[in-house]
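K.L.:
Okay, here's the structure, questions in a sec.
Just so you know, all these numbers are worked out from the coordinates, no wet-lab data involved. All of these numbers come straight from a predicted model, not from anything done at the bench. Cβ sites come from the backbone with ideal geometry, for glycine too, and all protein chains shown count toward neighbours.
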């Protein structure tokens, strides 16, 4: 069951680093209540990530990212974009065959956000909407009515919605990200493709049970080093869930690609699961051949 070396990998969570990424998490600061998170951590879940990647001084951070991808056989990566994210927009412009875009949405903005999703889809071809329910201010649970116009928009555009689920890494209330909330969403929006992000712990048994129940519910491995992939998820991929589990990294937010792919060969996926996990499932779910 060794990891194949001839698969052109698709990474469903990546960013372009800079010399100083300290501003990345400013949006979450109003929600943090403890002094350690507010004053000492460079990223809000630093207690979990001991070796946060540092790119150092680079002449071209986009080219640096491409070099990291090439080193680890990553053909394409999904990066978040917004109107103010000049470097990510430039990466998308310069390397359209290597990067594709997502947009992190805020359902508190109502119809303004619906219009923005449609505009970014038209202008930049976004392949997904993403969401961090516990990181919103105010927080918005996955099954809250504020999300429903955004879910309907994703159905109309035929793009997935990628949602953080499980206990959040930052010291924030977990209620908005309970995996059980997905049951209502997947029931009411059977056409909506939902991709779980960030582990679903400690409800991984419920996560795989819901994936078995709902055809359009998927799981990505974002923010987890491969040695910590939940056993229940690996077992599900090796049995009835081979078409449901997809690779997503966390570079440069918390994990280096060197760290990820140092651990990856030890994941006990079956031979037939590896190509689906590393590439094929993402191509199908995100319509990357379209």
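K.L.:
For the chain, place one equal point scatterer on every Cα, skip the solvent, and apply the Debye formula. What is log10 of I(q)/I(0) at q = 0.09, 0.11 Å⁻¹?
P.N.:
Calculated log10 I(q)/I(0) at the listed q: -0.39, -0.61.
K.L.:
Additional query: Using alpha-carbon positions, what is the distance between the centroids of the stretch 152-183 and the stretch 1-63, in Å?
P.N.:
20
K.L.:
Taking the number of other C-beta atoms within 10 Å as the exposure measure, put 52, 245 in order starting with the fewest. Before the final figure, lay out the partial values.
P.N.:
On the way: 52 17, 245 24.
Starting with the residue having the fewest Cβ neighbours, the order is 52, 245.
K.L.:
Quickly work out the residue 115-to-residue 3 label distance, labels modelled 7 Å from Cα along the C-beta direction, and quote it in nm with one decimal.
P.N.:
Between residue 3 and residue 115, the label points sit 4.5 nm apart.
K.L.:
Can you grab the distance from the C-alpha centre of the stretch 250-276 to the C-alpha centre of the stretch 90-105, Å, no decimals?
P.N.:
Cα centroid to Cα centroid, the span is 22 Å.
K.L.:
Using the number of other C-beta atoms within 10 angstrom as an exposure proxy, rank 85, 196, 211 with the fewest first.
P.N.:
On the way: 85 17, 196 29, 211 25.
Sorted ascending by nearby Cβ count, the order is 85, 211, 196.
K.L.:
Sticking with this structure for a sec: Counting other C-beta atoms within 10 Å, which of 130, 239 has the fewest, and how do the rest follow?
P.N.:
Going from least to most buried by this count: 239, 130.
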